[in-house]
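See below for the structure under consideration.
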Amino acid sequence: MKYLKQTFAYLFLIERGKRVLLLYLLSIPVGISLAMMFPSYPFLQWVLRADAEASGFWSNFTYGINGYVYWIGAGALLLTFVVFVALASTVVSRSMRMGKFRIVSVLADINDGFFPAAYMALTVIAAVTLLKTASSLVVGLWFRLSNPVLVSILNGAFTVAIGVVAMYLATVLVAYFPLMIVNGLKPYSAFINSVRKCVRHKKHLFVGIFLPVATVTVGGILVSLAANPLASVLFDSFTYAFLVAYFIPFVLIAYYEIEGIGREDFTREYFFRKSK
């Protein structure tokens, strides 16, 4: 819980919300890309569907959305990641190292975070692709069952279980991105060192990952129940953007805490409010 609290303090308390506003605006393009890959409304329809003839590997892989839309979203995610996440992560990293939360130069800041963001985006896309491939093969087995209610229950339960397991496994990779952008490590070294550093902090890291993702997911499903695809897409885009704006400082804050490195991003105003 401590990393969750510290991240919300970073976003909303320090400098009266200036930081969350900038990070959120930078995260909107990434949120739209994620909404193309993981839309809540088609996902809900897929969970409730029990038509064996309409089910196939690619349908299960994309949770019922158009395959072209999914892969366009993946390409857009890679592009927006290397631009907007690179820029945002450089700004957050500079604030923690120097206490200055601002964009110095758009091109220079993108350049500083370009390769770590690119490696991170490729890692995310590869991990999601492998996970969805494996789950699609399993899901195809029970689409042959004759009981549609049982199929829907299995769809939902299995997808939730896979999501929770994925978030738990992600706890040991929280330091992966910070090790590249702060320490300049190559992807393989960052991966190995992240696992070694984070394995003893899985409990706090899992809470910081699970609660925001679960809240946004449940909200997306509830909006999808209204059967308004446009409202669902808009909700997904804006809430996914918030998750991106949240996770950029989250991984850096967790890394600084795990390493025991002092941060310079606290303002006098923040300390004054904390002392009351």
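The values are calculated or read from the model by the stated rules, or taken from the named source; none is laboratory data. Because the structure is a prediction, the values reported are computed rather than measured. When we count neighbours, we look across all protein chains shown, and the Cβ atoms used for this are built from the backbone with ideal geometry, even at glycine. Accessible surface is based on the protein model in full, side chains and every heavy atom, while ligands, DNA and RNA are left aside. Shrake-Rupley method; radii C 1.70, N 1.55, O 1.52, S 1.80 Å.
Inside region 84-113, residues that are surrounded by fewer than 18 Cβ atoms within 10 Å (Cβ to Cβ) and either part of a helix (DSSP H, G or I) or aromatic (Phe, Trp, Tyr) (or both) make up a count of 6.
Hey, can you tell me all the residues within region 218-236 that are of a type outside the set (Gly, Ala, Ser) and either open to solvent by less than 70 Å² (accessible area, probe 1.4 Å) or over 30 Å from residue 172 (Cα atoms) (or both)?
Keep residues of region 218-236 that are of a type outside the set (Gly, Ala, Ser), which gives 218, 221-223, 225, 228-230, 233-236.
Correct list: 221, 222, 223, 225, 228, 229, 230, 233, 234, 235, 236.
Identify the residue in region 237-261 that is open to solvent by 40 Å² or more (accessible area, probe 1.4 Å) and of a type outside the set (Asp, Glu) and, among all such residues, is nearest to the chain's Cα centre (by Cα). Looking at residues that are open to solvent by 40 Å² or more (accessible area, probe 1.4 Å) and of a type outside the set (Asp, Glu), I get 247. In region 5-19, of all residues being open to solvent by 20 Å² or more (accessible area, probe 1.4 Å) and modelled with pLDDT of 85 or more, the one that is nearest to the chain's Cα centre (by Cα) corresponds to 8. For region 114-138, the set of residues classified as farther than 18 Å from residue 179 by Cβ, open to solvent by 60 Å² or more (accessible area, probe 1.4 Å) and in contact (Cβ under 8 Å) with a residue 60 or more places away in the chain consists of 137 only. Taking the condition of being of a type in the set (Ser, Thr, Tyr) and closer than 20 Å to residue 111 by Cα, how many residues in region 166-184 meet it? Total satisfying the criteria: 1.
Where helices (runs of 4 or more DSSP H) sit wholly within region 197-276, those with at least 1 residues that are at pLDDT 85 or above occupy 202-224, 229-259.
Open to solvent by 50 Å² or more (accessible area, probe 1.4 Å), at pLDDT 90 or above and not basic (Lys, Arg), is that true of residue 79?
Details: open to solvent by 50 Å² or more (accessible area, probe 1.4 Å): yes; at pLDDT 90 or above: yes; not basic (Lys, Arg): yes.
Yes.
Of all residues in region 164-203, those being within 26 Å of residue 94 (Cα to Cα) and open to solvent by 70 Å² or more (accessible area, probe 1.4 Å) number 6.
Identify, from the list 71, 46, 58, the residue that is at pLDDT 80 or above and aromatic (Phe, Trp, Tyr). So that I can check it myself, show each step before the final result.
Numbers: 46 fails: at pLDDT 80 or above; 58 fails: at pLDDT 80 or above.
From the options 71, 46, 58, the qualifying one is 71.
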